[in-house]
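The values are calculated or read from the model by the stated rules, or taken from the named source; none is laboratory data. If you're wondering where the values come from, they're calculated on a predicted model, not measured in any experiment. Cβ placement follows ideal geometry from the backbone for every residue including glycine, while neighbour counts extend to all protein chains displayed. To get the accessible areas, we keep the full protein, side chains included, count just its heavy atoms, and leave off ligands, DNA and RNA. Shrake-Rupley method; radii C 1.70, N 1.55, O 1.52, S 1.80 Å.
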Amino acid sequence: MDDPLQRYREAIAKQVHAICWDRNLNPESTVDTEAACRIERFLPHLVEAAKMVGPNKFAEFEAVVVEAVCPSCGGRDAHGVCQTREAAECCLYRYLPLAYEAICGVESGPAGL
Ligand code: SF4
């Protein structure tokens, strides 16, 4: 059975991974950035949130994603503060507008939202 997320994954690879600062282009490196990628890890939540809010509603999409993802990410401390986000080191948060654009771009196709 085809992976229903594959078309989103491909769009995000083109529009986000291709320009991602965190992407490790060193084939010798032991760091597997794809596996550590929060966008890949939480892709089902991102797609569900985009479908729920629809296109051209980034602020609503961001609010839904932060509520759905951050509590289960493990990045937040006991006060609910995420130091990774504060340091602008969360790839999911940094590339959220592009990820939303990529998902909506897939959705605006023939089988769209
Ligand atoms: S902002 Fe923090 S808690 Fe939310 S996904 Fe990024 S690292 Fe995780």
Next on the checklist: Please go through (1) among the aliphatic types (A, V, I, L, M); (2) at pLDDT below 90; (3) away from the ligand (no atom under 15 Å from the Cβ) for Val47 and return the number of the only condition it doesn't satisfy.
Outcome noted: (2)
Checklist entry - Of everything in region 95-113 that's without any contact (Cβ under 8 Å) to a residue 60 or more places away in the chain and open to solvent by 60 Å² or more (accessible area, probe 1.4 Å), which residue is farthest from Cys37 (Cα to Cα)? => result Pro110
Item to check | Selected residue (only one of Val81, Val64 is among the hydrophobic types (A, V, I, L, M, F, W, C) and touching a helix residue (DSSP H, G or I) at 6+ places or on another chain (Cβ under 9 Å)) | outcome: Val64
Checklist entry - For region 88-102, what are the residues that are farther than 12 Å from Glu62 by Cβ and more than 14 Å from the ligand (Cβ to nearest atom)? => result Leu98, Glu101, Ala102
Checklist entry - Just checking, how many residues over region 78-88 are farther than 20 Å from His45 by Cα, open to solvent by 60 Å² or more (accessible area, probe 1.4 Å) and modelled with pLDDT of 85 or more? => result 4
Checklist entry - Do you know which of the residues in region 50-86 that are at positive phi and within 13 Å of the ligand (Cβ to nearest atom) is farthest from the chain's Cα centre (by Cα)? => result Gly80
Item to check | Hits in region 4-31 (condition: loosely packed, with under 12 Cβ neighbours inside 10 Å, at pLDDT 90 or above and in a loop (DSSP other than H, G, I, E, B)) | outcome: Pro4
